[in-house]
Amino acid sequence: MSTLNTFSSHNPNSGAILADYPNTSREEVFATVDRARTASQQWQAFSPRERKKVLLRWCALLTQEVEQIAALIKEETGKPISDATLEATLAIGHLAWAAKNAEKVLGPQHRPSGLLMFNMSASVEHVPLGVVGVIGPWNYPIFTPMGSISYALAAGNAVVFKPSEYTPGVGALLGKLFHQVSPIPHLFTVVTGLPETGVALTESAVDKISFTGSTRTAKKVAASCATRMVPVVLECGGKDPVIVAADADLDLAAEYALWSAMSNAGQTCIGAERVYVLESVADAFIAKIKVRAEKVHPGAQGSYGPATMPSQLNVIQSHIDDAASKGAHFLIGSTDSVKAPYVEPVIMLDVPENSTAITEETFGPTLAINRVASISEAITLANATRYGLAASVFSKRHGKEISRQLQCGMVSINSVIAFAAIASVPFGGVKDSGYGRIHGPEGLLEFTYARTIVKQLFKIPLVFTSFERTPFADKFIKAAVRLLHSKGLG
Ligand code: NAD
């Protein structure tokens with residue numbers, strides 16, 4: 001059976017149907033992965049320089065079509081065109097970096113063989129995995145999956161991409177544009193579909209899955225892949241904290257924390273959801289963020305758009321209600337701020353640490369601000385979560401010192417989200433925010449495996465890997481180990 005079924009994408013502003021896409025069946029997903037395997041073998045035969053040329057051609061084509069891409073992102077997610085354009089340009093930046101740096105990062109490396117093995121040469125090669133399955137979310141439908149797609153392709157793999165069912169058009173357009181530059185059929189294929197299509201991809205013959213989405217789904221993906229020992233990268237949700245120290249630039253902290261929490265309707269995995277502000281500057285910070293927040297409103301032409309996924313509105317409402325019932329105060333908004341499909345900005349103060357607005361990912365334009373007596377209390381509370389994606393620290397003098405005590409994958413000092421736009425640094429989380437890394441050299445290495453090759457350069461009289469090993473060789477190795485490694489005891 002092939003792709004008989006279809007499903008529709010919607011404009012979240014109006015609810016209108018945008019287009020229909022194939023709901024790719026399990027059989028078709030499996031067949032696509034088989035075709036991708038042949039493509040991966042052909043792609044691996046290309047030199048790194050040839051691969052770079054192809055990917056830079058795709059990069060140029062995406063750049064040429066950036067307006068078309070941004071318009072489609074806006075249609076499917078509801079975000080403002082300026083945000084959609086920024087997202088597309090950042091994705092293109094990552095593709096260019098991956099294409100240009102793959103050869104240098106993944107080239108063979110010689111390693112020292114050590115005194116006892118001086119007659120051997122040792123080297124490590126980074127070998128493409130084969131076919132990488134990428135499963136994406138809807139909140140950044142080009143930026144997020146391209147963090148896996150471009151790095152996996154640059155590392156020499158073929159890719160099968162399952163976009164979110166909320167943003168299938170952006171995925172399909174990416175595939176169509178790649179097709180125009182691809183020297184090989186089926187090197188990058190997009191399989192649109194509902195969650196079952198994602199399930200099928202995790203059960204197919206892929207060599208790795210790179211998943212971005214909710215923690216709940218990530219656990220199912222990891223469990224499915226574990227049955228066949230297929231490795232996974234999991235980029236999941238967060239509950240990112242912002243720490244505002246006593247020596248912070250409060251205008252900057254208020255401006256950036258507000259944008260981080262509210263932009264994209266709060267649907268940013270690395271967006272601020274909690275602020276811990278030092279008591280001594282809390283009143284001033286709260287006054288500054290209030291003035292700014294009063295000017296922010298959602299709408300088709302607003303500062304941000306609707307909730308892309310209508311069911312998320314219930315989660316946002318429940319977190320606001322739970323915080324209110326436990327005693328939180330409203331600086332901006334109220335329990336009536338959810339007005340489908342939009343959510344007005346909500347900023348709550350003194351939010352109990354056991355309320356879901358603090359413990360769970362809200363994924364809406366809400367922010368909880370709590371006062372702390374010391375930086376160490378801020379750090380403790382920032383870390384007291386099952387998530388560990390990213391964080392921001394506002395401090396003129398202690399930014400690095402505070403950052404180093406945070407249990408998360410990425411920290412911005414005196415800025416927010418900046419690391420996502422720097423292609424040379426890895427992106428990813430710890431704890432329930434996932435594992436593995438995209439972006440940067442680590443993101444290229446993630447889509448390869450290390451193959452060690454050692455070679456005997458010449459034979460020496462002392463052999464260890466043979467039944468001919470002599471008592472003298474035994475003595476020699478003991479003496480050598482003593483000489484080399486016994487100094488630590490003084
Ligand atoms: P989701 O988990 O509902 O879906 C993600 C993708 O998985 C979709 O394509 C979906 O069809 C597919 N899917 C669903 N069930 C599946 C299954 N059992 N097996 C395989 N695939 C399946 O997430 P979402 O609502 O699309 O995205 C929002 C979430 O993504 C938020 O939690 C957000 O924080 C997170 N996110 C994380 C990052 C990051 O880099 N860490 C980036 C963006 C979004």
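The values are calculated or read from the model by the stated rules, or taken from the named source; none is laboratory data. Treat the numbers as computed from the prediction; the structure is a model and nothing was measured. Quick reminder, even Gly has a Cβ in these numbers, built from the backbone with ideal geometry, and neighbours come from all protein chains shown. Each accessible area value is taken on the protein alone, full model and side chains, heavy atoms only, with ligands, DNA and RNA left out. Shrake-Rupley method; radii C 1.70, N 1.55, O 1.52, S 1.80 Å.
Just a yes or no: is a residue in region 8-26 in a helix (DSSP H, G or I) and open to solvent by 50 Å² or more (accessible area, probe 1.4 Å)? Yes, some residue in region 8-26 is in a helix (DSSP H, G or I) and open to solvent by 50 Å² or more (accessible area, probe 1.4 Å). Residue-level analysis places ILE438 outside the set of residues that are among the hydrophobic types (A, V, I, L, M, F, W, C), touching a Leu at 6+ places or on another chain (Cβ under 8 Å) and surrounded by 14 or more Cβ atoms within 10 Å (Cβ to Cβ).
Check whether at least one residue in region 411-421 is open to solvent by 50 Å² or more (accessible area, probe 1.4 Å) and either within 13 Å of the chain's Cα centre (by Cα) or not assigned by TED's automatic domain parsing to the domain that holds LYS288 (or both), and report yes or no. Yes, region 411-421 has at least one match. Only one entry of ALA382, ALA378 meets the criterion of being away from the ligand (no atom under 16 Å from the Cβ) and touching a Pro at 6+ places or on another chain (Cβ under 7 Å), and that entry is ALA382. Going by what's in this entry, would ALA300 be described as part of a loop (DSSP other than H, G, I, E, B), open to solvent by 40 Å² or more (accessible area, probe 1.4 Å) and either in the same structural domain as LEU250 (by TED's automatic domain parsing) or among the polar types (S, T, N, Q) (or both)? So ALA300 fits the description; yes. Of all residues in region 223-233, those satisfying the criterion of being surrounded by fewer than 24 Cβ atoms within 10 Å (Cβ to Cβ) and either outside any helix (DSSP H, G or I) or within 10 Å of the ligand (Cβ to nearest atom) (or both) are ALA223, SER224, CYS225, THR227, ARG228, MET229, VAL230, PRO231, VAL232. Taking region 280-304 as the range and being of a type in the set (S, T, N, Q) and modelled with pLDDT of 95 or more as the test, the residues that pass are SER280, SER303. One residue is enough: does region 236-248 have a residue meeting the conditions among the aliphatic types (A, V, I, L, M), outside any loop (DSSP other than H, G, I, E, B) and under 16 Å from ILE135 (Cβ atoms)? No, because not a single residue in region 236-248 is among the aliphatic types (A, V, I, L, M), outside any loop (DSSP other than H, G, I, E, B) and under 16 Å from ILE135 (Cβ atoms). With respect to VAL181, is the statement that it is in the same structural domain as GLN41 (by TED's automatic domain parsing), near the ligand (Cβ under 10 Å from one of its atoms) and not small (Gly, Ala, Ser) true? Criteria not met by VAL181. When the residues of region 452-476 are filtered to those that are outside any strand (DSSP E or B) and of a type in the set (A, V, I, L, M), the one that is least open to solvent (accessible area, probe 1.4 Å) is ALA473. Scan region 390-410 for residues that are surrounded by fewer than 16 Cβ atoms within 10 Å (Cβ to Cβ) and assigned to a helix (DSSP H, G or I) and jot them down. Selection gives LYS400, GLU401. Number of residues in region 193-221 that are open to solvent by 10 Å² or more (accessible area, probe 1.4 Å) and either more than 10 Å from the ligand (Cβ to nearest atom) or assigned to a loop (DSSP other than H, G, I, E, B) (or both) equals 6. Residues considered: SER337, SER260. Of these, the only one that is among the polar types (S, T, N, Q), more than 22 Å from TYR166 (Cβ to Cβ) and within 16 Å of the ligand (Cβ to nearest atom) is SER260. Region 45-157 holds strands (runs of 3 or more DSSP E) entirely within its bounds, and those carrying 1 or more residues that are in contact with a His (Cβ under 6 Å, 6 or more places away or on another chain) and surrounded by fewer than 22 Cβ atoms within 10 Å (Cβ to Cβ) map to 120-128. I need the full set of residues from region 320-350 which are without any contact (Cβ under 8 Å) to a residue 60 or more places away in the chain and part of a loop (DSSP other than H, G, I, E, B), in order please. If the condition is that a residue be without any contact (Cβ under 8 Å) to a residue 60 or more places away in the chain and part of a loop (DSSP other than H, G, I, E, B), then LYS326, GLY327, ALA328, GLY333, SER334, THR335, ASP336, SER337, ALA340, GLU344, ASP350 are the ones that fit. Which one is nearest to ALA265 (Cα to Cα) among residues in region 359-389 that are open to solvent by less than 10 Å² (accessible area, probe 1.4 Å) and assigned to a helix (DSSP H, G or I)? That would be ALA382. The listed residues are LEU250, LEU258, LEU201, and the only one of them that is at negative phi and either outside the structural domain of THR308 (by TED's automatic domain parsing) or touching a Leu at 6+ places or on another chain (Cβ under 6 Å) (or both) turns out to be LEU201.
Here is the figure for region 260-295: residues that are assigned to a loop (DSSP other than H, G, I, E, B) and under 21 Å from PRO241 (Cα atoms) total 5. Scanning region 422-435 for residues that are aromatic (Phe, Trp, Tyr) and surrounded by 21 or more Cβ atoms within 10 Å (Cβ to Cβ) returns a single hit, PHE427.
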